[in-house]
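Here is the structure we will look at, set down as structure tokens.
The values are calculated or read from the model by the stated rules, or taken from the named source; none is laboratory data. Please read all numbers here as calculations on a predicted model, not as lab measurements. Don't worry about glycine lacking a Cβ; one is built from the backbone with ideal geometry, like all the others, and counts go over all protein chains shown.
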Amino acid sequence: MGVTLATLAVRHNCELRGDPAVVIDHVATLAAAGPGALAFLANPQYRSQLGATRAAAVVLAGADADACPVACLVSTNPYLSYAEMAAELHPPAPLRPGVAPGAWVAADARIGEGTQVDPGAVIGAGALVGARAYIGAGAVIGAGCAVGDDSRLMARVTLYDGVRVGRRCLVHSGAVIGADGFGIARDEDGRWTKVPQLGSVVIGDDVEIGANTTIDRGAIEDTVLGDGVKLDNQIQIGHNAVLGPHTVMAAFSGVAGSTRVGARCIIGADVGIGGHLTIADDVVIGGGAHVASSVHERGVYGGVIPADEVRRWRRNAARFSQLDDLARRLQRLEKAAREADGSDT
Amino acid sequence: MGVTLATLAVRHNCELRGDPAVVIDHVATLAAAGPGALAFLANPQYRSQLGATRAAAVVLAGADADACPVACLVSTNPYLSYAEMAAELHPPAPLRPGVAPGAWVAADARIGEGTQVDPGAVIGAGALVGARAYIGAGAVIGAGCAVGDDSRLMARVTLYDGVRVGRRCLVHSGAVIGADGFGIARDEDGRWTKVPQLGSVVIGDDVEIGANTTIDRGAIEDTVLGDGVKLDNQIQIGHNAVLGPHTVMAAFSGVAGSTRVGARCIIGADVGIGGHLTIADDVVIGGGAHVASSVHERGVYGGVIPADEVRRWRRNAARFSQLDDLARRLQRLEKAAREADGSDT
Amino acid sequence: MGVTLATLAVRHNCELRGDPAVVIDHVATLAAAGPGALAFLANPQYRSQLGATRAAAVVLAGADADACPVACLVSTNPYLSYAEMAAELHPPAPLRPGVAPGAWVAADARIGEGTQVDPGAVIGAGALVGARAYIGAGAVIGAGCAVGDDSRLMARVTLYDGVRVGRRCLVHSGAVIGADGFGIARDEDGRWTKVPQLGSVVIGDDVEIGANTTIDRGAIEDTVLGDGVKLDNQIQIGHNAVLGPHTVMAAFSGVAGSTRVGARCIIGADVGIGGHLTIADDVVIGGGAHVASSVHERGVYGGVIPADEVRRWRRNAARFSQLDDLARRLQRLEKAAREADGSDT
């Protein structure tokens, strides 16, 4: 059931160096690969493992080909080529179409052909689920939701009422889409009144949403995720935020309410982006950064203190609270030095 | 089915400028509003949108009334007035009382009149759910829990055994209330033994809890949330923490074990508050701050490095690790300058 | 149904000071304890409460025994001794073996003797659940999973297909184990292709996993948690990460992909550990730190700016962006001072 190197090379537009008749039937790491295994080298940190690999073939960049002791598939983008080949070698299990016993589907909900609904899933009134979709065990799809063709909602995903998810999306377990945004208004006594959250969430095509990520519904208009957005686990998207197409965010990052993030941005892990901001297209933000003002220029941004030996860190952190004072004292010394210099002349 | 401006003005104690007979039937943003729409202006960032609005009326502060091209409802607290009017214009769908097929209710659990229990909900032995409550699909209410009248537990909320939730609360999907606190004791070999978590969680009235937020049960006594507390998504409240009434926290923030946070505090997003601390009433903590010691004075606190262009940030971050050294060198220069000054005299 | 102090002292290897016949039947805090209650003193912050306690007995260290006004059990590790005694005094409710109505178990799944499966739980094809285990309401166990004897999966835990959990583990509500790692490959147009996540998750014995924590499956090989690992709530473990035995992590912390954390590490709350790193055994990392490079030496590490009064913090944060410049200016002054000194000579 494998695929020859010749076939992989042609299908995935790679240059083959080695025996085209060799059959590949699974993927493996450089270090663990054996006969029949396809490995890849994309992160230079693993280059040292290339020389000893026993893979049947390795997907790699041209610059690494000479050092490869086995057959190789040379690609201009080895990680992408590997991704495509791995998907071909390890296709997902086929769906078992139908509504399982123990799933609860409202009488007026519509479910497309070839869609699998697992036990414990609940699909609300008027909801529309496309064809060849997957609704996992215990997933809850609210009234009036729409889920596009070929999308997969894994176990225990929640869509609140009226949420729309595009085609070929993948939403992981525990994600909550469409809960109320955090809109509260304070009275003169410091008590809070809920501001009704009347918008919804609209998610484009080819979006992936990680486990336990939360995406709030808009206050008045919708929260929007563009096509091709990829969100890792435990991300929070506030009400009325807009993420441009093909923007990706790593785990623990958040976008506060009404902020617009551009297209093709790359947001690292644990990044906080404040509310009511605008982030340009093609912005890269390093892990841990706190973004408190709009970013109008494409570019790379960061901002976190690196961990350090604890006593040294504590000494430096204590100095941080004196930093403005230190700067002023430095200015005074500079002024005195300039004056002394002047008086010397 | 709308409401006249005259009625809104009287009910919500606003001064009306404009035609009292105009009928409002929905809310909209300043930019998108059209006939029949009520908009609001509270955040000055959106003031530039006022002049071009086509809303039927705008809720705003007195200072903005003259610039409003359409009817307006002048309020001393426009956001609060808007919240109340929006709730009137867009009431939640009425409950469908009863226990749905596919919900599992223990024989000795009691469920109040007018309460809706959705498919897949599980209500444990001896649990008590009040009147006019909502228990969403897949919500799990442990044995001996109490949920007050008019409270709503959205889909897939978990209450562990014995948790008590007050009246008019709203708990969002994926929230977990009453899981074990993180209590572990280390032996001489570095292995950990679980400390039994024997307390529970007690939540007051009018509390809102965000999606995928976790609130741990107490180790011996209870974890307590006062009346009117509002928690955003993905918050973590440690065992035996106490949050005073009307305190609010934005997403990703956490309070570690046994810390007492006062009343009416406002905690920004991604704030970490350490364990065994005391935070006074009316404390405001800006997003991203790490609070490692008690805060005894009301006031505003913050503490995070703002994101910066990556090369500049890296240069500065590298200097952070030398900060104590820089401060000492500055002191030496100052001392030398003082001595030089003295010798000059 | 209580236990005498004599019995507790012998069973838990403590020195008893007081009447061995006194009967203990519950635990309580020093401040709230009354007759029949066992309290403990481990955190010195609570020492001031010892003198006024009305506990029947207190577990404490030898140094505190003289100050104890009531009977005491002297231990070399009072918190550990307390944990063991509390577990003895407050054993968990016995299981009710069997599969509840409303749970869905695949025909070829196997469930061990004495195991309780609650309503709404879903157990997939070929899954193997051990003896005396607990599968909570709404928990979803994927196809081919293995759950060891005496393990407890609380309500609404998700195990994706093929995940293996050891014996005596405790997984809290909302945890998601085995979702896809965040593997995506970028093409020349900035679009992302999913990299198939083909590994699984393997969890050792005696592991505790907190509420809403997420542990991703490996890309090719497995993500691994060693025996005795304890994870708090809302933690994220990336694909192919390896946590050594008896390592613990507090809430909100994350380990990015392919990082290996050693044995017996103690990771505070809100710590971010980058990808492809190695953390040695016995490393302690303080709350909030961002670890961007490998840690090869056991020791204590930290790195966060402490919260401060907001105006002071803002002044200092503004200076942070000038820090490299300040350091260079200091160097110039030092150079000038050295030269002046030289010229004086």
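Tell me, which residue of the stretch C:327-336 that is facing chain A (nearest Cβ under 8 Å) and hydrophobic (A, V, I, L, M, F, W, C) is surrounded by the most Cβ atoms within 10 Å (Cβ to Cβ)?
Only one residue tops the list, namely C:Leu330.
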Quick check on my filter: what residues within the stretch B:8-57 are among the basic types (Lys, Arg) and in contact with an Asp or Glu (Cβ under 8 Å, 6 or more places away or on another chain)? B:Arg11, B:Arg47
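Okay, residues lined up against (1) more than 22 Å from B:Ala31 (Cβ to Cβ); (2) not acidic (Asp, Glu):
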{"residue": "A:Asp232", "(1), (2)": "yes, no"}
{"residue": "A:His246", "(1), (2)": "yes, yes"}
{"residue": "A:Ser294", "(1), (2)": "no, yes"}
{"residue": "A:Gly303", "(1), (2)": "yes, yes"}
{"residue": "A:Pro306", "(1), (2)": "yes, yes"}
Return the only residue of A:Asp227, A:Asp206, A:Asp222 being of a type outside the set (S, T, N, Q), more than 23 Å from C:Ala292 (Cβ to Cβ) and in contact with a Cys (Cβ under 9 Å, 6 or more places away or on another chain). A:Asp206
For the stretch B:63-112, which residues satisfy the criterion of being touching a residue at least 40 places away in the same chain (Cβ under 8 Å) and either within 30 Å of B:Gly142 (Cα to Cα) or among the small types (Gly, Ala, Ser) (or both)? B:Ala65, B:Ala71, B:Ser75, B:Ser81, B:Ala86
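Yes/no per residue for (1) over 22 Å from C:Met154 (Cβ atoms); (2) charged (D, E, K, R); (3) not assigned by TED's automatic domain parsing to the domain that holds C:Phe40:
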site	(1), (2), (3)
C:Asn77	yes, no, no
C:Ala83	no, no, no
C:Val105	no, no, yes
C:Arg110	no, yes, yes
C:Gln116	no, no, yes
C:Val122	no, no, yes
All but one of (1) of a type outside the set (Gly, Ala, Ser); (2) under 24 Å from A:Trp192 (Cα atoms); (3) crowded, with 19+ Cβ neighbours inside 10 Å hold for B:Gln45; which doesn't? (3)
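Given the condition within 14 Å of chain B (Cβ to nearest Cβ), touching a Leu at 6+ places or on another chain (Cβ under 6 Å), among the β-branched types (Val, Ile, Thr) and under 30 Å from B:Glu188 (Cα atoms), answer yes or no: does some residue in the stretch C:210-222 qualify?
Yes; the residues of the stretch C:210-222 include at least one that is within 14 Å of chain B (Cβ to nearest Cβ), touching a Leu at 6+ places or on another chain (Cβ under 6 Å), among the β-branched types (Val, Ile, Thr) and under 30 Å from B:Glu188 (Cα atoms).
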If I ask for residues that are charged (D, E, K, R) and within 16 Å of B:Asn13 (Cβ to Cβ), which ones from the stretch B:45-89 would you list? B:Glu84, B:Glu88
Hits in the stretch B:60-87 - residues which are within 11 Å of chain A (Cβ to nearest Cβ) and under 19 Å from B:Pro20 (Cα atoms): B:Ser75, B:Pro78, B:Ser81, B:Tyr82, B:Glu84, B:Met85, B:Ala86
In the stretch A:294-315, anything over 24 Å from C:Ala280 (Cα atoms), buried (at least 20 other Cβ atoms within 10 Å of the Cβ) and at pLDDT 90 or above is listed as A:Val295, A:Tyr301, A:Gly302
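Please count how many residues of the stretch C:128-138 are assigned to a loop (DSSP other than H, G, I, E, B), hydrophobic (A, V, I, L, M, F, W, C) and within 22 Å of A:Ala211 (Cα to Cα).
1
Residues are listed down the side, and each one gets a yes or a no for (1) more than 12 Å from chain C (Cβ to nearest Cβ); (2) over 30 Å from A:Ile141 (Cβ atoms):
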| position | (1), (2) |
| --- | --- |
| B:Ala143 | no, no |
| B:Ala155 | no, no |
| B:Thr158 | no, no |
| B:His172 | yes, no |
| B:Gly181 | no, yes |
| B:Trp192 | no, yes |
| B:Gln197 | no, yes |
| B:Asp205 | yes, yes |
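crowded, with 22+ Cβ neighbours inside 10 Å and in the same structural domain as A:Ile273 (by TED's automatic domain parsing): which single residue out of A:Thr223, A:Thr193 fits that description?
A:Thr223 is the lone residue from the list that is crowded, with 22+ Cβ neighbours inside 10 Å and in the same structural domain as A:Ile273 (by TED's automatic domain parsing).
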Determine, yes or no, whether C:Ser321 is within 18 Å of A:Glu309 (Cα to Cα) and either free of Cβ contacts under 8 Å to residues at least 60 places away in the same chain or not assigned by TED's automatic domain parsing to the domain that holds C:Leu225 (or both). no
Tell me, which residue of the stretch B:38-68 that is under 23 Å from A:Glu188 (Cβ atoms) and among the β-branched types (Val, Ile, Thr) is nearest to the chain's Cα centre (by Cα)? B:Val59
Name every residue in the stretch C:1-28 that is of a type outside the set (A, V, I, L, M, F, W, C) and under 17 Å from C:Ala86 (Cβ atoms), in order of residue number. C:Gly2, C:Thr4, C:Thr7, C:Arg11, C:His12, C:Asn13, C:Asp25, C:His26
Flagged pairs (Cβ under 6 angstrom, 6 or more apart or on separate chains; first in the stretch C:113-135, at positive phi; second modelled with pLDDT of 95 or more and in a strand (DSSP E or B)) are C:Gly120/B:Val122
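Answer yes if at least one residue in the stretch A:97-117 is over 25 Å from the mean Cα position of the chain (by Cα), of a type in the set (Gly, Ala, Ser), loosely packed, with under 15 Cβ neighbours inside 10 Å and not in a loop (DSSP other than H, G, I, E, B), and no otherwise.
yes
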Go through the stretch A:71-94 residue by residue and tally those that are among the hydrophobic types (A, V, I, L, M, F, W, C) and not in a helix (DSSP H, G or I). 5
Can you pull out the residues in the stretch C:309-345 that are among the acidic types (Asp, Glu) and under 12 Å from B:Leu326 (Cβ atoms)? C:Asp324, C:Asp325, C:Glu334
If I go through the stretch B:238-281 residue by residue, how many of them are among the acidic types (Asp, Glu) and within 9 Å of chain C (Cβ to nearest Cβ)? 1
Which strands (runs of 3 or more DSSP E) sit wholly inside the stretch B:139-252 and have at least 3 residues that are hydrophobic (A, V, I, L, M, F, W, C)? B:176-179, B:201-203
What single numbered condition from (1) crowded, with 22+ Cβ neighbours inside 10 Å; (2) in contact (Cβ under 8 Å) with a residue 24 or more places away in the chain; (3) more than 21 Å from B:Glu88 (Cβ to Cβ); (4) more than 7 Å from every other protein chain (Cβ to nearest Cβ) fails to hold for A:Arg164? (1)
The conditions are (1) acidic (Asp, Glu); (2) within 13 Å of chain C (Cβ to nearest Cβ); (3) under 15 Å from the mean Cα position of the chain (by Cα), and B:Asp227 fails exactly one of them. Which is it? (2)
Out of all the residues in the stretch B:6-15, which are surrounded by fewer than 19 Cβ atoms within 10 Å (Cβ to Cβ) and of a type in the set (A, V, I, L, M, F, W, C)? B:Ala6, B:Val10
When you go through (1) under 24 Å from the mean Cα position of the chain (by Cα); (2) over 22 Å from B:Asn240 (Cα atoms) one by one for C:Ala71, which number turns out not to apply? (1)
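Per-residue answers, yes or no, for (1) on the phi > 0 side of the Ramachandran plot; (2) among the hydroxyl-bearing types (Ser, Thr, Tyr); (3) within 8 Å of chain A (Cβ to nearest Cβ):
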{"position": "C:Val283", "(1), (2), (3)": "no, no, no"}
{"position": "C:Ser294", "(1), (2), (3)": "no, yes, no"}
{"position": "C:Val304", "(1), (2), (3)": "no, no, yes"}
{"position": "C:Arg314", "(1), (2), (3)": "no, no, no"}
{"position": "C:Asp325", "(1), (2), (3)": "no, no, no"}
